[in-house]
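Take a look at the structure below.
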Amino acid sequence: TAISGFLAARAERLGVKKEKIFITPNGVDLSQIPASEEKIASRVICVARLSWEKGLDYLIKAWPEVLKQAPEAKLVMVGEGDKRKEIEAMIKDLNIAGSVTLMGNLPHDQTLKEIKKSEIFICPSLAEGLGIVFIEAQACGVPAIGTRVGGIPDVIQDGENGLLIEPKNSEAIVVAIVKLLKDKSMAEKLSARALETVKKYDWKNIISQIDQLYKEVV
């Protein structure tokens, strides 16, 4: 079993017969999603380890240009990692400390509340097996921006339930963020569609699929 089409393709390249590969993604407990949180205008959130594979350098480098086009924007980053000091130095050097907040690690329920409060979710990953946090953002009704890497395209269909951009591309990050900050109707459309597509990732549905797979194998 593979949690995404990306990893299923890898299994096939490693010699597993295609008919013996089953995609059974990780799920989310939709009952844990906060019922409601007051939105904070122009708030962009990123939930990720502060490590190389999350591509956070490109987000930080993009932020000054985001501010030029949307001066009211605020960036909140939830997570910890070995790149924290480097990211703090970048924020200082770019003179964006007034609009960027590093919140560190938070309990899962609090993280979901912080996502729910935000207008946009982004994580410019360079590698991702699936990307549960994108699913959680969608379940919170927050339009998500992700990169075309790993399993993220399984979760985000570009222009339908979120936006996909190329990795390692600060300019694309600026365009996507500003587009969703300025075009509220598009953001609402993506959010509404995401609330529908995210249902397939409900653990109840995933567990049912796994149960059926075991029965067939036995």
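The values are calculated or read from the model by the stated rules, or taken from the named source; none is laboratory data. Given the structure is predicted, the values throughout are model-derived calculations rather than measurements. Virtual Cβ from ideal backbone geometry, glycine too; neighbours counted across all protein chains shown. All accessible areas refer to the heavy atoms of the entire protein, side chains included, with ligands and DNA or RNA removed. Shrake-Rupley method; radii C 1.70, N 1.55, O 1.52, S 1.80 Å.
Here are a few things to note about the model shown:
- Label zone at ASP158, where the point sits 7 Å out along the Cα-to-Cβ direction: the stretch 110-149 residues whose backbone N lies under 12 Å: 146-149
- The stretch 117-125 - phi-based ³J(HN,Hα) in whole Hz, Karplus 6.51/-1.76/1.60, Gly and Pro as x: 6, 8, 8, 9, 10, 9, 8, x, 4
- Each peptide among 142-155, 164-177, 94-107 gets the average number of other Cβ atoms lying within 10 Å of its residues, and from highest to lowest they stand as 142-155, 164-177, 94-107.
- For the stretch 103-184, relative contact order (Cα pairs under 8 Å, six or more residues apart, normalised by length) works out to 26 percent.
- The chain: relative contact order in percent, alpha carbon pairs under 8 Å with at least 6 residues between: 24
- Cross-link partners of LYS199 among aspartates and glutamates, defined as those whose alpha carbon lies under 16 angstrom from its own and excluding same-chain residues fewer than eight positions apart: ASP29, GLU136, ASP154, GLU160.
- Using a probe of 1.4 angstrom and keeping all protein chains present, the accessible surface of the chain works out to 50 square angstrom per residue.
- Distance from the stretch 167-215 to the stretch 12-30 (C-alpha centre basis), Å: 19
- Acute angle (nearest 10 degrees) that the helix 184-197 long axis makes with the longest principal axis of the chain, alpha-carbon atoms: 20
- When you count the other C-beta atoms within 10 angstrom of each residue and take the mean per peptide, 10-18, 127-135 line up highest first as 127-135, 10-18.
- Whole-percent carbon and sulfur share, accessible surface of the chain, 1.4 Å: 53
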